[in-house]
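Quick notes on the structure that follows.
The values are calculated or read from the model by the stated rules, or taken from the named source; none is laboratory data. These figures come from a predicted structure and were not determined experimentally. Neighbour counts are summed over all protein chains in view; Cβ atoms, including those assigned to glycine, are modelled from backbone coordinates with ideal geometry.
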Amino acid sequence: MPRRRAHRAGWRRPASAVTVAITAAAAGLTAASPAAALTTVNCATQNLQSAINSASAGDTLLVRGTCVGTFTIGKSLSLVGSSGATLNGNSAGRTLTVNGPASVRVALTSLTLTGGLAGDGNGGGLLNNGATVTLSFTTVHNNSAGGGDGGGIASSGITTLHSSTVVNNSAGGDGGGIASGGITRLNSSMVLNNSAGGDGGGMTHVGRGLLTVNASTVRGNRAFVRGGGMYVAGNAQVLNSTITGNIANSTGGGIYNSSNLLVLLGNSVTGNTPNNCSSTTPLAGCTPV
């Protein structure tokens, strides 16, 4: 069975760094904060990166139109899309990079992240580099990490998806849709039709942080090694979710588990190829083929 490729592990931040950053963020909550501003950015006539640079921490940017380019955020901000607002990397690089620590809180609402190309890097659509990022009603699609992990999203920080969709992304390495190395939460979200040249067609989780998949769907993904839907090598819980129609060329069509700390409860894991689950340890909660 192929060994995991160590040369792409650099984007995964140790859990201790996340923990320290969270503690520091909590300590800072007692400080007074200035009033936040709301600024409209019409990408037909304005530059989104310039607006990001000019904004103060805690501000909200109301984004309109299609913003073409690659964007970087290093402060707490909210980006709210209006009328189909889109961030399009236009194959020029990663669409969006958010730099930590975890006290940097970025909220993305009602946006589309597309057209990202990370090349040999990670996170074609979004790279969360140690920050706290929340996606709500947001779609991450048609992004690529050609020689890296996380075609749609790569995260070493804290990433939460609410009612969001990760679809039609690809990675030359692991995690076609999502590559998680920190704390990742999916709530009422979908991971669809992504592909990985390695493990985890839909998603891969290899960090010491917790992956939680709740009331979500993982469907139609493909891994050219293991874990068509999910590859789990860290702490994870999958609750009340549907994992179906995924394919792995080796084993673990639905889920490949190499962790002792995977909990499955109330799920439908069926119709995956060549099997629903494959595990290095006994795994309850899967339906045999």
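Brief remarks follow.
- Residue in region 83-99 that is polar (S, T, N, Q) and modelled with pLDDT under 95 present: yes
- Taking (1) in contact with a Gly (Cβ under 8 Å, 6 or more places away or on another chain); (2) surrounded by fewer than 21 Cβ atoms within 10 Å (Cβ to Cβ) in turn, Gly65 satisfies each apart from (1).
- Residue in region 167-175 that is modelled with pLDDT of 95 or more, assigned to a strand (DSSP E or B) and under 12 Å from the mean Cα position of the chain (by Cα) present: yes
- Only one of the numbered conditions (1) touching a Gly at 6+ places or on another chain (Cβ under 6 Å); (2) more than 14 Å from Ala154 (Cα to Cα); (3) touching a residue at least 24 places away in the same chain (Cβ under 8 Å) is not met by Thr138, and that is (1).
- Those residues of region 196-236 which are more than 16 Å from the chain's Cα centre (by Cα), within 21 Å of Thr165 (Cβ to Cβ) and not charged (D, E, K, R), in sequence order: Ala215, Gly220, Ala223, Gly227, Gly228
- Residue in region 103-115 that is assigned to a strand (DSSP E or B), within 30 Å of Gly234 (Cα to Cα), of a type in the set (D, E, K, R) and at pLDDT 95 or above present: yes
- Among residues of region 217-243 that are under 12 Å from Ser259 (Cβ atoms), those with a Cβ under 6 angstrom from a residue that is hydrophobic (A, V, I, L, M, F, W, C) and part of a loop (DSSP other than H, G, I, E, B), sequence gap 6+ or separate chain, pair up as Ala233/Val206; Gly234/Val206; Asn235/Leu210; Asn235/Leu261.
- Arg8 falls short of the stated requirement of being at pLDDT below 95 and in contact with a Ser or Thr (Cβ under 7 Å, 6 or more places away or on another chain).
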